[in-house]
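Q: Have a look at this one.
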Amino acid sequence: MLGAPLQAGNGKTEGLLPLCLPGGCGSRSRRAAHGPQVIIQPESITDDVLMSRVRDGDVQALAPLFDRHHAALLNFYLRTTGNRASSEDLVQDVFVRILKYRRTYRPGSRFLTWMYHIARHARVDYLRKRHGEIEWDDAYAAPVLPSDPAESAQHRLWLALALRRLPDDKREVLVLSRFQGLRYEAIAQLLNCEPGAVKVRVHRAMRELREYFHQIAKGQIANEEKP
Amino acid sequence: MSKEVVPDNSCARAEQWLPDYWQDELRSGDRAWLEQHLQTCAECAELAAFWRELGQLPEAEPDPRQRRRFDAMLTAYEATPSRLAWTQAWRMWLRPLPLGLALVLLLAGLGGGWWLHGLGHSAQGQASEIAELREEVQDTRQLVVLSMLQQQSANDRLAGVSYSNRLGPLDPQIMQALLHSLQYDPSPDVRLAALDALQHAGGGGEAAPAVTRGLLEAFPYQNSPLVQVALVDSLLELRPPAARALLQKVSTDHAYSPEVRQRAEWGLTHWQ
């Protein structure tokens with residue numbers, strides 16, 4: 001069986017998500033922007049509403065947004081930089097930038113697209129500062145679970161190696177669409193192109209990734225060989 | 001949106017539709033056709049399996065300390081009362097220089113041009129005159145920055161710090177003025193901007209040792225958690241050996257706020 005396709009946003013798109021995840025924001029985020037405390041049903045608060053509050057000065061409303069999205073951002077960075085410490089720094093940088101540029105957010109627009117716009121810029125700046133030199137660790141690009149059978153673990157390793165070989169722009173578009181669950185329309189906004197062009201890029205990136213994967217599996221490219 | 005061209009070849013069509021399939025954007029008829037095709041074509045089924053495998057890669061779990069780091073950042077942000085809105089700061093970047101200073105620069109440019117026109121005609125002579133003129137303009141700009149850093153208004157001082165970013169390599173006089181602002185300026189915004197300017201201009205250049213020494217010396221003068229956290233980050237970026245001892249002291253000293261102590265502790269864990 002082919003299995004179910006991805007649901008919109010891989011279950012992480014903006015919308016009616018829980019206000020706080022375990023270990024999350026606590027009572028602070030339920031505080032109203034101004035005036036007396038108001039208890040708001042978590043499921044009624046969208047990313048857009050929270051970000052609009054942040055924009056208007058209620059910076060504590062950023063906490064539930066952090067809880068909702070920092071794991072996805074971490075994985076975005078892990079798969080595009082292959083470095084845990086850098087990815088954690090970048091996640092933090094994204095939320096600092098969200099605070100810094102909060103007034104540029106337009107209420108009613110898609111928060112997720114806006115956030116990834118910031119995330120991409122943060123990554124470009126980070127790479128520029130380090131002259132593009134970040135140590136890539138395959139274990140972070142495609143992690144293997146202890147419970148994985150040996151064959152799956154081997155496949156994951158090959159996938160990580162293939163991902164590493166992919167040019168940065170192709171890796172990014174693939175990660176955004178297949179891992180981060182962004183719709184092609186949202187990616188098109190990020191990349192400033194048509195959704196059709198995004199599909200073509202994803203399609204080509206996938207084809208190239210598969211070629212690398214097969215070359216690595218057949219031993220035509222050594223496992224440790226860097227592009 | 002432009003209508004897509006559907007390939008006649010079944011496998012090419014399947015390959016083209018797979019991106020839509022995985023985002024659940026295929027019409028039901030096309031979806032049924034694709035699923036039927038995948039049952040009969042081993043090569044496309046293998047490609048589909050590859051797509052599926054890619055989407056099923058396990059996700060890394062964030063470190064719980066990341067949430068604490070975020071909380072520290074948020075608290076430090078809120079603890080600074082007069083933080084400028086980004087739009088205001090940006091307007092300040094774009095704001096023209098005060099009229100008097102602009103006139104000084106204009107006169108310096110005109111005078112330099114007249115002087116250059118009236119002197120020597122050889123190419124070599126002109127080149128050295130241009131170099132001298134550039135040096136004069138640079139000196140004038142530095143004077144403008146030094147003057148702005150002394151202004152009464154915090155906005156003017158902030159503009160002075162911003163203007164210093166455009167001067168290129170960090171001049172020792174400007175560096176001293178920025179370090180002075182970092183230590184003594186009453187506005188946390190000016191101190192933060194001075195810190196950014198110092199790190200930006202002096203981080204990797206000849207001035208780096210003096211800048212890092214200055215940052216270490218400036219730490220005890222800070223009373224704003226936001227500036228303290230920013231200083232911890234800068235020291236972590238520059239990594240002077242003496243900073244480690246300072247971070248250790250800060251991480252255990254209860255004179256500092258919890259978020260600054262946590263930040264210093266986090267800095268120590270990331271020290272390589």
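Q: At B:Asp63 and B:Arg239, where each label point lies 7 Å from the Cα along Cα→Cβ, what is the point-to-point distance in nanometres?
A: For the pair B:Asp63/B:Arg239, the computed spacing is 1.5 nm.
Q: May I pose another question? Can you tell me how region B:172-272 classifies by the Cα gyration tensor, rounded, prolate or oblate, using a/c under 1.5 as the rounded cut?
A: Working: a/c = 2.12, a/b = 1.31, b/c = 1.62.
Since a/c reaches 1.5 but b/c is at least a/b, the shape of region B:172-272 is classed as oblate.
Q: Once you treat every alpha carbon in region A:146-227 as an equal point and sum by Debye, what is log10 I(q)/I(0) at q = 0.12 Å⁻¹?
A: -0.40
Q: Sort B:Glu217, B:Glu78 by Cβ crowding within 10 Å, fewest neighbours at the top.
A: B:Glu217, B:Glu78
Q: Using all C-alpha to C-alpha distances in region A:66-114, build P(r) with 5 Å bins and read off the rounded percent in each one.
A: 5, 20, 27, 22, 16, 7, 2
Q: In nm, to one decimal, how far is the B:Gln56 label point from the A:Asp168 one, both placed 7 Å along Cα→Cβ?
A: Result: 3.3 nm between the two label points.
Q: How far is it, in nm, from the label point at B:Arg166 to the one at B:Leu106 when both lie 7 Å from their Cα along the line to the Cβ?
A: Spacing of the two 7 Å Cα→Cβ label points: 1.6 nm.
Q: What number in nm² do you get for region B:9-54 if you take the convex hull of its Cα atoms and divide its surface by four? Intermediate values should be presented prior to the final figure.
A: Details: hull surface 11.5 nm².
Here the figure is 2.9 nm², rounded to one decimal.
Q: Now, a different point. Which order do B:Arg263, B:Arg68 fall in if you start with the one that has the fewest other Cβ atoms within 10 Å? Don't skip to the answer; put the middle values down first.
A: On the way: B:Arg263 28, B:Arg68 16.
Ascending number of Cβ neighbours within 10 Å: B:Arg68, B:Arg263.
Q: Mind listing the phi-derived Karplus ³J(HN,Hα) values for region B:154-167, rounded to whole Hz, using 6.51, -1.76 and 1.60 with θ = phi - 60°, and x for any glycine or proline?
A: Whole-Hz 3J(HN,Hα) from phi for region B:154-167: 4, 5, 5, 5, 4, 5, x, 4, 4, 5, 5, 5, 8, 7.
Laboratory data are not the source of any read-out in this text; all were calculated from the coordinates shown. What you see is a predicted model; the values in this text were computed from it and never measured. Using ideal geometry, Cβ is built from the backbone for each residue, glycine included, and neighbour counts are taken over all protein chains shown.
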